[in-house]
């Protein structure tokens, strides 16, 4: 996705997470593009991705509506991802890492270390973290995933905020987001260490706990969902 498209995606996802765009809100390309001060193309791309993530529902030829969900729906979907990725981590630890996968994990960890070393986040760091986070999780599935795990995750990814790609970040609270994402990155280090040591049960437990780091953003949407 283009940089403008990625920025629009992050902005709209956060507006949905915060309740600024509540369930039932209609989104169309032209008014959304005008409101965000961008062209229609990045908006079109972002809307399609948000629909794939289960946050939007198609409404007519060119529009979407924000999907209404409960907080329990989101928590359950993220917990399911934790169970499935935990199983993939267990299998990966038992199988061992091939040189390519090991190098990819190391590259992701090094990129994250460099990102968080300065002690704070700026907006442009969000896309960089998303990229390394997706690569880390994809590599884990490539090593330890089975067809059954991948298919189950693919189905679960269509539920709101369940996908590892559906990262909700509050740009107005970057100090808090630094702590949350840095903690998640430290969990990546712990998972990698468990994989290298062949500690399957430990790797599985960390990945299941890793999902809880994702659930930290539910405080952004909990009060809004409760009011619906």
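The values are calculated or read from the model by the stated rules, or taken from the named source; none is laboratory data. Keep in mind that this is a model prediction, so the values were computed, not measured. Using ideal geometry, Cβ is built from the backbone for each residue, glycine included, and neighbour counts are taken over all protein chains shown.
Can you list residue pairs whose Cβ atoms sit under 6 Å apart, with the first residue in region 128-139 being outside the structural domain of residue 184 (by TED's automatic domain parsing) and the second being modelled with pLDDT of 95 or more and surrounded by 15 or more Cβ atoms within 10 Å (Cβ to Cβ)? Count only pairs 6 or more apart in sequence or on different chains.
none
Rundown of residues vs (1) more than 28 Å from residue 47 (Cβ to Cβ); (2) at pLDDT 95 or above; (3) over 14 Å from the mean Cα position of the chain (by Cα), yes/no style:
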{"residue": "116", "(1), (2), (3)": "yes, yes, yes"}
{"residue": "156", "(1), (2), (3)": "no, no, no"}
{"residue": "174", "(1), (2), (3)": "no, no, yes"}
{"residue": "191", "(1), (2), (3)": "yes, yes, yes"}
{"residue": "199", "(1), (2), (3)": "yes, yes, yes"}
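Within region 158-177, how many residues turn out to be surrounded by 18 or more Cβ atoms within 10 Å (Cβ to Cβ) and either in contact (Cβ under 8 Å) with a residue 60 or more places away in the chain or outside any helix (DSSP H, G or I) (or both)? Let's see the steps before the verdict.
Start the filter on region 158-177 by keeping residues that are surrounded by 18 or more Cβ atoms within 10 Å (Cβ to Cβ), which leaves 159-164, 166-169, 177.
Still in the list and also either in contact (Cβ under 8 Å) with a residue 60 or more places away in the chain or outside any helix (DSSP H, G or I) (or both): 159-164, 166-169.
Total meeting the criteria: 10.
Just one of the numbered conditions (1) under 29 Å from residue 51 (Cβ atoms); (2) at pLDDT below 95 is not true of residue 179; which one?
With (1) under 29 Å from residue 51 (Cβ atoms); (2) at pLDDT below 95 applied to residue 179, the lone miss is (1).
Yes/no per residue for (1) outside the structural domain of residue 22 (by TED's automatic domain parsing); (2) more than 15 Å from residue 22 (Cβ to Cβ); (3) buried (at least 21 other Cβ atoms within 10 Å of the Cβ):
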residue	(1), (2), (3)
46	no, yes, yes
52	no, yes, no
61	no, yes, no
79	yes, yes, no
85	yes, yes, yes
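How about region 1-91: which helices (runs of 4 or more DSSP H) wholly inside it have at least 2 residues that are touching a helix residue (DSSP H, G or I) at 6+ places or on another chain (Cβ under 7 Å) and touching a residue at least 40 places away in the same chain (Cβ under 8 Å)? Outline the logic, then answer.
Numbers: elements: 3-18, 29-36, 40-52.
Hits in region 1-91: 3-18, 40-52.
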